[in-house]
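Quick one: the structure is below, questions incoming.
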Amino acid sequence: MPAIYDCADPMSLLDGVRAARTAIAAGQCIVMPTDTVYGIAADAFSHAAVAGLLAAKGRDRGFPPPVLVADRAMAGALAESVPAELAPLLDAHWPGPLTVILRAQSSLTWDLGDTGGTVAIRVPNHPIAIGLLRETGPLAVSSANLHGMPAPTKASAAAEMLGDRVAVVLDAGPVGGDAAPGEQNGSTILDCSTSGVARIVRQGVLPRAVIAEALGDLLVDG
């Protein structure tokens, strides 16, 4: 089993973040909390680490992981541009349960999988996640479950499913909430990679009505 750190204890939190940073630098995967679910994370710029993340979940390159960042400035360094029309939505929900798909900077030397030249970016609303991201830079992060299993809201469930596939687990207690049947308890994913159009490609905890209010006619049906 991986090393599990109780983030409610200040010393354990400090040790855990150090261990997580070391593991990421070594190309290993970790489990970290977000505001919605626990995620499995790896260095977004390490081809081997991202491949390890996908293998740990039982997924292939057809399921490229989103990238978590600490703030909008870090997001801006990964995307060709962030449409100005998104500003009200991002002001309200970054940090928060919103993932935005944008055209990726063509100069970036990474391999997240079969992305079609895009990147899915989110600023999570969790202090431990933000603190770690400020130290590590962008992380490839997907829900910390095996493919086809529910996304975990407790660190113990993530550790049980993933086992030795991850090196470190940061346990921040329960996060987010369990989804209703047929619904996602993760972030809502909004595809803005086509100029002038936004589509919800996964309905998560951020309601469509909230996005529609901010984007107006920019939001179209999938």
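If you go through segment 60-76 one residue at a time, how many are open to solvent by less than 50 Å² (accessible area, probe 1.4 Å) and assigned to a helix (DSSP H, G or I)?
Residues that pass the stated criteria total 3.
Can you tell me how many residues within segment 5-22 are touching a residue at least 12 places away in the same chain (Cβ under 8 Å) and part of a helix (DSSP H, G or I)?
Looking only at that region, the number is 6.
Looking only at residues in segment 5-22 that are of a type in the set (A, V, I, L, M) and open to solvent by less than 30 Å² (accessible area, probe 1.4 Å), which one is farthest from residue 131 (Cα to Cα)?
The residue in question is 19.
Continuing with the same structure: Give the number of residues within segment 127-149 that are assigned to a helix (DSSP H, G or I), of a type in the set (Gly, Ala, Ser) and out of contact with any Gly (no Cβ under 9 Å at 6 or more places or on another chain).
So the count comes out to 1.
Please work out if residue 58 is in contact with a Gly (Cβ under 9 Å, 6 or more places away or on another chain) and at positive phi.
yes
Also, I was wondering about something else. Please state which of the following conditions residue 81 fails to meet, knowing it meets all the rest: (1) among the small types (Gly, Ala, Ser); (2) free of Cβ contacts under 8 Å to residues at least 24 places away in the same chain; (3) outside any loop (DSSP other than H, G, I, E, B).
Residue 81 satisfies all of (1) among the small types (Gly, Ala, Ser); (2) free of Cβ contacts under 8 Å to residues at least 24 places away in the same chain; (3) outside any loop (DSSP other than H, G, I, E, B) except (3).
Another question, if that's okay. Residue by residue through segment 114-133, note down the ones that are free of Cβ contacts under 8 Å to residues at least 60 places away in the same chain and β-branched (Val, Ile, Thr).
Those that are free of Cβ contacts under 8 Å to residues at least 60 places away in the same chain and β-branched (Val, Ile, Thr): 115, 119, 121, 123.
Using the structure shown, decide if residue 194 is closer than 29 Å to residue 82 by Cβ, part of a loop (DSSP other than H, G, I, E, B) and free of Cβ contacts under 8 Å to residues at least 60 places away in the same chain. Even if it seems obvious, please write down each step before you answer.
Details: closer than 29 Å to residue 82 by Cβ: yes; part of a loop (DSSP other than H, G, I, E, B): yes; free of Cβ contacts under 8 Å to residues at least 60 places away in the same chain: yes.
The answer is yes for residue 194.
Please specify each residue of segment 23-44 satisfying the condition of being surrounded by fewer than 17 Cβ atoms within 10 Å (Cβ to Cβ), among the aliphatic types (A, V, I, L, M) and outside any helix (DSSP H, G or I). Walk me through how you get there before you give the answer.
Residues of segment 23-44 surrounded by fewer than 17 Cβ atoms within 10 Å (Cβ to Cβ): 25-27.
Among the residues that remain, those that are also among the aliphatic types (A, V, I, L, M) are: 25-26.
If the condition is that a residue be surrounded by fewer than 17 Cβ atoms within 10 Å (Cβ to Cβ), among the aliphatic types (A, V, I, L, M) and outside any helix (DSSP H, G or I), then 26 is the only one that fits.
Which number in (1) more than 22 Å from residue 169 (Cα to Cα); (2) open to solvent by 40 Å² or more (accessible area, probe 1.4 Å) marks the one condition that residue 135 misses?
Among (1) more than 22 Å from residue 169 (Cα to Cα); (2) open to solvent by 40 Å² or more (accessible area, probe 1.4 Å), residue 135 violates only (1).
Hey, among the residues in segment 171-190 that are over 15 Å from the mean Cα position of the chain (by Cα) and at pLDDT 95 or above, which one's surrounded by the fewest Cβ atoms within 10 Å (Cβ to Cβ)?
173
Can you find, within segment 94-107, the residue that is nearest to residue 124 (Cα to Cα) among those that are out of contact with any Ser or Thr (no Cβ under 7 Å at 6 or more places or on another chain) and open to solvent by less than 40 Å² (accessible area, probe 1.4 Å)?
96
If you go through segment 198-222, how many residues are touching a helix residue (DSSP H, G or I) at 6+ places or on another chain (Cβ under 6 Å) and either acidic (Asp, Glu) or assigned to a helix (DSSP H, G or I) (or both)?
Looking only at that region, the number is 2.
Across segment 64-80, what is the total count of residues that are within 11 Å of residue 104 (Cβ to Cβ) and over 16 Å from the mean Cα position of the chain (by Cα)?
2
The values are calculated or read from the model by the stated rules, or taken from the named source; none is laboratory data. Given the structure is predicted, the values throughout are model-derived calculations rather than measurements. Here the Cβ is made from the backbone with ideal geometry for all residues, glycine too, and neighbour counts use every protein chain on show. These area figures cover heavy atoms from the full protein model, side chains too; ligands, DNA and RNA do not enter into them. Shrake-Rupley method; radii C 1.70, N 1.55, O 1.52, S 1.80 Å.
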